[in-house]
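A short worksheet on the structure shown next.
Read-outs throughout are calculated quantities, based only on the coordinates presented, and are distinct from any laboratory measurement. Being a predicted model, the structure only gives us computed values, none of them experimental. FYI the Cβ positions are ideal-geometry reconstructions off the backbone, even for glycines, and counts take in every protein chain you see.
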Amino acid sequence: MKKAPHNSTKELYESPRKEQNIDKYGDDSSSCICCGRPMAAGPCLWVRMNEAWEAVRADIHEDDFKTKTGTESQGGFPIGSECAKRMTGYTIKGELERSHPYLINNPA
Ligand SMILES: [Zn+2]
């Protein structure tokens, strides 16, 4: 795996409960990328990953991915607010368009 220069990337936090949560709620693009918990549609934080599966610092522009991290962007993934605390400086504000199916089927 290529190492990115300039501390532009960081290992993604992975919750010890991720596997358990994915078993329970299913693997879905509206789950938190770190812990697999269902997320609701609306404003949330995103973490951008490169092809080496490293989180990319928030201040790096999409166009500079290749030069600053050595790999292409894989795009953004939603991250829950608790997990985001472990990725400070690596999250950007965004919007989740679709709620996790678990939340749709089990409304509060
Ligand atoms: Zn999480």
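Can you compute the label reach from ASN7? Point 7 Å from Cα along the Cβ direction, backbone N cut-off under 16 Å, restricted to segment 66-108.
The answer is 69, 87-91, whose backbone nitrogens lie closer than 16 Å to the label point.
Highest mean first, how do 82-95, 30-43 rank when packing is the count of other Cβ atoms within 10 Å averaged over residues?
My ranking of the peptides, most packed first, is 30-43, 82-95.
Give the Kirkwood hydrodynamic radius (Å, one decimal) of the chain, defined as one over the mean of 1/r across all pairs of different Cα atoms.
14.3 Å
If the label point is 7 Å along Cα→Cβ of SER29, which residues in segment 79-98 have backbone nitrogen under 11 Å from it?
Those under the cut-off are 97-98.
Could you sort 44-53, 12-21, 72-81 so that the peptide with the highest average Cβ count within 10 Å comes first and the rest follow in order?
Ranking, from highest mean packing down: 44-53, 72-81, 12-21.
Where does the chain land at 222 nm, in deg cm²/dmol rounded to the nearest 500, when only DSSP H runs of n ≥ 4 count, each adding -39500 (n - 2.57), divided by all residues?
Value at 222 nm, helices only: -4500 deg cm²/dmol.
Could you calculate the contour length gain from ARG17 to ILE92, that is, 0.36 nm times the residue separation minus the distance between their Cα atoms, to one decimal place in nm?
24.6 nm
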